[in-house]
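What follows is calculated from the coordinates using simple rules that are stated; it is not laboratory data. The structure displayed is predicted, hence computed values, not measured ones. When we count neighbours, we look across all protein chains shown, and the Cβ atoms used for this are built from the backbone with ideal geometry, even at glycine.
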Amino acid sequence: MNRQLMASMLSDRQIEDLINKALEARETSYCPYSQFRVGSALRTVDGKIFQGCNIENAAYGGAICAERTAFVKAISDGYRRFVAIAVACDYNHFITPCGICRQFMNEFGKNLEIFFVNDDRSYRRAVLEDLLPYAFGPENGPLK
């Protein structure tokens, strides 16, 4: 089923708040090598929002994406249930989470709503399961 066509679980005001927080988080990006700033805002089931930005490293493999930064902050504070994430960059072409981020987010729920936000504040919406079909997750492991 293509969940992109279904309405968001968030209100217009909640979506706008998430977009604002993602654009704000983009401002703290550390990207001296790519100059590609990305910010994210992750909403928990109880409405708390965690922001993240991309953080690059001279050893490229040590970089971390904005999406995972937000998740790591939330998880380290004890949160495990999330409803949506907004991802924003400086350009007006919709960026989507990389494969590693998709797999990382899948650990915490296939129905996560993802908003891809352009610099002009326009956005598109998808559901994680549509971006990562047939994903390997907790339900596939020994503790299912």
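Computed over neighbours whose Cβ is under 11 Å from that of S40, the net charge equals +3, Lys and Arg +1, Asp and Glu -1. For semi-axes √(5λ) of the Cα gyration tensor in Å, the value calculated from this model appears in (i) 31, 16, 12; (ii) 22, 19, 15; (iii) 32, 19, 12 under label (ii). Work out the FRET efficiency for F36 and E16 from their Cβ-Cβ distance, taking R0 = 22 Å, and round it to the nearest 0.05. In this case the efficiency is close to 0.35. If you sort the three axes of the alpha carbon gyration tensor as a ≥ b ≥ c, you get a/c of 1.5 or more for the range 38-93 and a/b no higher than b/c, which makes it oblate.
From helices alone, the chain scores -7500 deg cm²/dmol at 222 nm; the rule is -39500 (n - 2.57) for each run of n ≥ 4 DSSP H residues, then divide by the residue total. Judged by the ratio a/c of the largest to the smallest principal axis of the C-alpha gyration tensor, the range 86-133 counts as prolate, that ratio being 1.5 or greater while a/b is larger than b/c. With the simple spin-label model, which puts each label point 7 Å out from Cα in the Cβ direction, the T96 to D119 separation comes to 2.3 nm. Pairs of Lys residues in the chain are counted when their Cα atoms are under 20 angstrom apart and they lie 8 or more places apart or on different chains; the count is 6. Summing Cβ point charges (Lys, Arg +1; Asp, Glu -1) relative to the Cα centre of the chain gives a dipole of roughly 300 debye. For the chain, the relative contact order is 20 percent, taking Cα pairs closer than 8 Å that sit 6 or more residues apart in sequence and dividing their mean separation by the residue count.
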